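Everything below concerns the one structure shown next.
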Amino acid sequence: MMDLMADSKVHNETRQGEAYAPFANDPSNYQKKFYIESYGCAMNFSDSEIVASILNSAGFGATRNTDDADLILLNTCSIRDKAEQTIRKRLTEFRKVKNKKPGLLIGVLGCMAERLKSNLLEEEKLVDMVVGPDAYRTLPGLIEEAEGGQKAVNVLLSRDETYADISPVRLESNGVNAFISIMRGCNNMCSFCVVPFTRGRERSRDANSIVAEAWDLFNRGFREVTLLGQNVDSYYFVDEQNNETVSFAMLLEKVALLSAELRIRFSTSHPKDITDEVLFTIAKYENICNYIHLPVQSGNSRILQLMNRTYTREWYMKKINRIREIIPDCGISSDIIAGFCSETEEEHSDTLSIMDYSRYDYGYMYFYSERPGTLAERRYTDDVPEDVKKRRLQEIVDKQYALSVESNKRDIGHTYKVLIEGNSKKDEHFWMGRSSQNKVIVFPKENHELQKADYVMVKVNDCTKGTLLGTIVN
Ligand code: SAM
Ligand code: SF4
């Protein structure tokens, strides 16, 4: 994957394989320790926080050091072949650790669980436990089984599990931004995508529990929440207690009304589902960020049809127009796949031209990777040669680079409200924060009495390819 976003929070390439630290100020003395590494999208990172909460209740504390661990978990991703290869390599390394420490348990969680359970457990004998994304509540029982020498497996997908009542442990947090899962699974059958098979049917979490989680985070000092789902705009919850049906726009509003000091972001929007109601809600509330991740995947209508995206090039362009009409200063980013089955040069150039049209601020770009069991694997031939896919991807990356630079240059001279996330990585005399449009802004602290999680107005004076540089405006 190529990511032209300096420090994206939703798909963060630099976080792949990240291990969690023990919690700061945790008073509990745990008898046993678990180590967890997370791969893939923000949903998976958010799931690891649910897993941590379940394991705490079962008497396991987190460690960042595999040598201290009684249990090593990998929360895995299947979205592209490369992700699976990286994880397999990691499992082989852990297998060696286990040879030296026989009581150690190794488990695979997440998207690879369902797909590869028999390979991982029986053929390759790499792991002791395989646990799918809807089965984390059964982890304590599975650990006991595995401790007794049995192979512990639960990859059942559920129609209703949302972990609504589990309060995630924010292990690796800056104390300013947090993710809240609002739904699980996906009902869209994009032909290239393995998610509907690995994560099951779409289901929305109880709106009351989402609002309660956001409120709790706010009271603990967090100032930004990102509502997460594969397709957030199809969020739909029937609240029988309050006799109302909550749409995504209504959910956004409920969270926005908690406090004007709490920023709200969300991801991901499928272009077919984002409604005017959602756009007007974003425009109405200053604390709902003016930023939409609207993956196009391809700019060509024939390819979009093969991808089963259910919109055409023209329809997508109209959606972009509508966003710009209702939220004129909206940041927009996209996911793009290069070299999907049978894509011609001309069709590829349609992708380049829709990028120009949409003026994306950021892009997440991939070349097509055929996934077993998907509609595309069954119906189409993966016939674009790898070198062509890579060259097309490079052209897309170059285009996005130019668009991101142009977008940053357009910001020079403008003033933005910035939420401070912490010190700049390069220099502690500088703050780092984000604008509503999700752009990273770095600026000198000067003599202002400010701290992390404060809001401040910053005027942009300059930019690098991924960062805006500014100064505080009094
Ligand atoms: N639900 C979100 C959506 O529809 O945009 C995100 C799904 S996926 C986790 C993130 C991105 O991975 C997709 O938008 C797509 O661009 C990319 N992707 C998914 N399957 C892929 C494949 N087989 N090959 C290459 N890229 C893929
Ligand atoms: Fe995959 Fe499409 Fe669902 Fe996104 S919307 S998770 S790309 S099937």
Name every residue in segment 174-200 that is free of Cβ contacts under 8 Å to residues at least 60 places away in the same chain and surrounded by fewer than 18 Cβ atoms within 10 Å (Cβ to Cβ), in order of residue number. Asn187
Over segment 285-301, the set of residues of a type outside the set (Phe, Trp, Tyr) and within 16 Å of ligand 1 (Cβ to nearest atom) is Ile292, His293, Leu294, Pro295, Val296, Gln297, Ser298, Gly299, Asn300
Being more than 16 Å from ligand 1 (Cβ to nearest atom) and in contact with a Ser or Thr (Cβ under 9 Å, 6 or more places away or on another chain): is that true of Arg201 here? no
Only one of these is surrounded by 19 or more Cβ atoms within 10 Å (Cβ to Cβ), within 27 Å of Asp329 (Cα to Cα), touching a helix residue (DSSP H, G or I) at 6+ places or on another chain (Cβ under 9 Å) and at pLDDT 95 or above: Ser435, Ser404. Name it. Ser435
Pair list, Cβ < 8 Å and 6+ apart or interchain, from segment 85-108 residues that are touching a residue at least 12 places away in the same chain (Cβ under 8 Å) to residues that are of a type in the set (D, E, K, R) and not in a helix (DSSP H, G or I): Arg90/Glu37; Gly103/Asp70; Leu104/Asp70; Leu105/Asp70; Leu105/Asp128; Ile106/Asp128; Gly107/Asp128
Considering every residue within segment 33-52, establish whether at least one is in contact (Cβ under 8 Å) with a residue 24 or more places away in the chain, farther than 15 Å from Glu18 by Cβ and either hydroxyl-bearing (Ser, Thr, Tyr) or out of contact with any strand residue (DSSP E or B) (no Cβ under 9 Å at 6 or more places or on another chain) (or both). no
Could you count how many residues in segment 393-441 are more than 18 Å from Arg223 (Cβ to Cβ), in contact (Cβ under 8 Å) with a residue 60 or more places away in the chain, touching a strand residue (DSSP E or B) at 6+ places or on another chain (Cβ under 7 Å) and aliphatic (A, V, I, L, M)? 3
With respect to Leu393, is the statement that it is surrounded by 15 or more Cβ atoms within 10 Å (Cβ to Cβ), outside any strand (DSSP E or B) and more than 22 Å from the chain's Cα centre (by Cα) true? no
Residue identified as part of a loop (DSSP other than H, G, I, E, B), modelled with pLDDT of 95 or more and not β-branched (Val, Ile, Thr) among Asp356, Asp350, Asp383, Asp335: Asp383
Going through segment 244-273 in order, the residues found to be among the small types (Gly, Ala, Ser) and under 30 Å from Ser358 (Cβ atoms) are Ser247, Ala249, Ala256, Ser267, Ser269
If you go through segment 65-76 one residue at a time, do you hit one that is of a type in the set (Ser, Thr, Tyr), in contact with a helix residue (DSSP H, G or I) (Cβ under 6 Å, 6 or more places away or on another chain) and in a loop (DSSP other than H, G, I, E, B)? no
For segment 355-408 the number of residues that are within 15 Å of ligand 2 (Cβ to nearest atom) and in contact with a His (Cβ under 8 Å, 6 or more places away or on another chain) is 1
Exactly one condition in (1) crowded, with 18+ Cβ neighbours inside 10 Å; (2) aliphatic (A, V, I, L, M); (3) not in a loop (DSSP other than H, G, I, E, B) is false for Ile274; which is it? (3)
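Quick grid of which residues meet (1) of a type outside the set (A, V, I, L, M); (2) over 19 Å from the mean Cα position of the chain (by Cα); (3) part of a strand (DSSP E or B):
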{"site": "Phe218", "(1), (2), (3)": "yes, yes, no"}
{"site": "Gly221", "(1), (2), (3)": "yes, yes, no"}
{"site": "Thr226", "(1), (2), (3)": "yes, no, yes"}
{"site": "Asp233", "(1), (2), (3)": "yes, no, no"}
{"site": "Met250", "(1), (2), (3)": "no, yes, no"}
{"site": "Glu253", "(1), (2), (3)": "yes, yes, no"}
{"site": "His270", "(1), (2), (3)": "yes, no, no"}
{"site": "Val278", "(1), (2), (3)": "no, yes, no"}
Evaluate the following for Arg203: is it modelled with pLDDT of 95 or more, surrounded by 23 or more Cβ atoms within 10 Å (Cβ to Cβ), within 16 Å of ligand 2 (Cβ to nearest atom) and under 27 Å from Leu116 (Cα atoms)? no
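The values are calculated or read from the model by the stated rules, or taken from the named source; none is laboratory data. All values reported here derive from a predicted model rather than from experimental measurement. Quick reminder, even Gly has a Cβ in these numbers, built from the backbone with ideal geometry, and neighbours come from all protein chains shown.
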